[in-house]
Amino acid sequence: MADVISMPKLGFDMSEGTLIRWAIAEGDPVEKGELLAEIETDKATVEVESLFSGTVRKHLVREGSIVPVNTPIAVIGEADEKIDFDTLVGASDTGDEPAPAAEEEAPEPASQPAVETADDGSLPDGVRATPLARRIAEDKGLDIKTIAGSGPGGRIVKSDVEAALAAGPAVPPAPVQPAAETPQPAPAPTGPALAPLMAAAVGETPADTRIPLSKLRQAIGRRMVDSKHNYPSFYVSYEYDMGPVMALRKQANQMLAGTGEKLSVNDFLVKAVALTLRQFPNLNARLDGDAVLQYGRVNVGNAVAVENGLLTVVCHDADRKSLRQISLEVKAKAGRVREGKIQPEDISDSTFSISNLGMYGTENFTAIINPPEAAILAVGAARQVPVVEDGELAVGWRMKATISVDHRVSDGAEAASFMQVLANYIENPVSLML
């Protein structure tokens, strides 16, 4: 029986994606898990893998089309199978042209600048570009109308913008300065008059710079406004003794020497949080109407900084994986995210998130909940500080963390208990290896 591949939803606020390239042509065989197509969202270029094995019988949309999420994009079946495409996916989606909704973006308000995208991804003067290409060009201050497109129908894609940036801007000729009269020397300033004249000698005051928000930053803004307005949050902080983790990590990395692998403090935190969430399913949840939906899986999201924003990479079933598996998976996914070429599962289906700013030396902070999750843990740096042990002053490793919780789902006592149980795992890290 034939199967339909649809445009995946790669995030809470994703509504559409641009199909950049078909990796498998019509009539060619494909295996489950093999790269089928590449799509662009406001955030990144994503590789879409086939969910089925068989033959690609039909592409339902052309390269360069803007496609709403969950819209059928391809049909996979047996090579000699008779398929009624109209019945399978609907007559409106089976023609050579994509469905009208797949190629049209909502018109921009009249007050928007003239360079906003037109219906087919074109600029008003006919230049066609993908959303990600436009965003990169805007972020870099590059006039996209000067770039030659290599995509379908001359469409400008991400690689075209990157090539233009690598080539560098043309250097304009220096303007001819008019001859100036020989200035007369001014009398040497004294007293209070000296400071403003010295400032003037440095040059004119720099002009204000207006930098348009990138599409990713706009998406982050929408999500955070939603979270702050609609998620009544409270915060609970805790300080952890990180000495046992630091000692065990050092020993583990000595054993991994020569393998190219290295455990990070964050790997221990992901595992500890995942095991703690088993005991607190109410925090591994989201509000669902007038009920709380407690997830069966524990998928821990990790905030990763990218240019002009951040994305959350997800370690699925973190409670069932070893520290080594967690380390390899998170590093691989974070690498793909930073390269702007990710797979759907890299950033989807998180049930709880960690925001770790310890690598920047941050002592403590609070994080905004990542909708629709019920909680997020903000983690600071593990630092050597003076501590009192058995009445004696000593040097110890300490780390501060703060959990932000949706008060509609949970209360302070449960959050405080969560932080206590988390301490049991962090301060007895051998338990993370059992």
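Since every read-out is calculated from the coordinates, none of them should be taken as a lab result. On a predicted model such as this, the values are computed, not experimentally measured, just so you know. Please note: Cβ atoms are built from the backbone with ideal geometry, for glycine as well, and neighbour counts cover all protein chains shown.
Return the FRET efficiency for the residue pair residue 317, residue 359: r is the Cβ-Cβ distance, R0 is 35 Å, and the value is rounded to the nearest 0.05.
Working from the Cβ atoms, E equals 0.85.
What distance in nm separates the two pseudo spin-label positions at residue 294 and residue 389, each 7 Å out from Cα along the beta-carbon direction?
3.8
Assuming R0 = 30 Å, can you tell me the calculated FRET efficiency for the pair residue 31 and residue 167, based on Cβ-Cβ distance, to the nearest 0.05?
Details: r = 38 Å, r/R0 = 1.28.
Result of the calculation: an efficiency of 0.20.
Pull out a ≥ b ≥ c, the square roots of the eigenvalues of the alpha-carbon gyration tensor of region 264-344, then state rounded if a/c is under 1.5, prolate if not and a/b is larger than b/c, and oblate in the remaining case.
Numbers: a/c = 2.41, a/b = 1.39, b/c = 1.74.
Oblate, because a/c is 1.5 or more while a/b does not exceed b/c.
Got the relative contact order for region 195-320 handy, in percent, Cα pairs under 8 Å and 6 or more residues apart?
17
Take residue 256 and residue 78, extend 7 Å from each Cα along the Cα→Cβ direction, and tell me the distance between the two endpoints in nm.
For residue 256 paired with residue 78, the spin-label model returns 4.7 nm.
Specify whether the C-alpha gyration tensor of region 306-362 places it in the rounded, prolate or oblate class, a ≥ b ≥ c being the square roots of the eigenvalues: rounded for a/c under 1.5, otherwise prolate if a/b is larger than b/c and oblate if not.
Since a/c reaches 1.5 but b/c is at least a/b, the shape of region 306-362 is classed as oblate.
If you take the square roots of the eigenvalues of the alpha-carbon gyration tensor of region 203-300 and sort them as a ≥ b ≥ c, do you get rounded (a/c under 1.5), prolate (a/b over b/c) or oblate?
Oblate.
Using C-alpha positions alone, give me the convex hull volume of region 23-72 per residue in cubic angstrom.
82
Identify, among 299, 332, 360, the residue whose Cα sits farthest towards the positive end of the charge dipole of region 246-400, taking +1 on the Cβ of Lys and Arg and -1 on the Cβ of Asp and Glu, with the dipole about the Cα centre.
332
Once the piece of chain linking residue 310 and residue 207 is laid out straight, how much longer is it, given 0.36 nm per residue of separation minus the C-alpha distance between them?
Additional length available on full extension: 34.2 nm.
Taking the Cβ of residue 427 as the center, what net charge do the other residues with Cβ under 12 Å away carry, scoring Lys and Arg +1 and Asp and Glu -1?
-1
Going through the cross-link list 9/82; 9/262; 58/158; 262/331; 250/331, which pairs have a Cα-Cα distance over 21 Å in this structure?
Details: 9/82 30 Å; 9/262 33 Å; 58/158 26 Å; 262/331 10 Å; 250/331 19 Å.
Beyond 21 Å between Cα atoms: 9/82; 9/262; 58/158.
Size of the dipole of region 311-425 about the Cα centre, Lys and Arg at +1 and Asp and Glu at -1 on the beta carbon, nothing else charged, in debye to 20?
500
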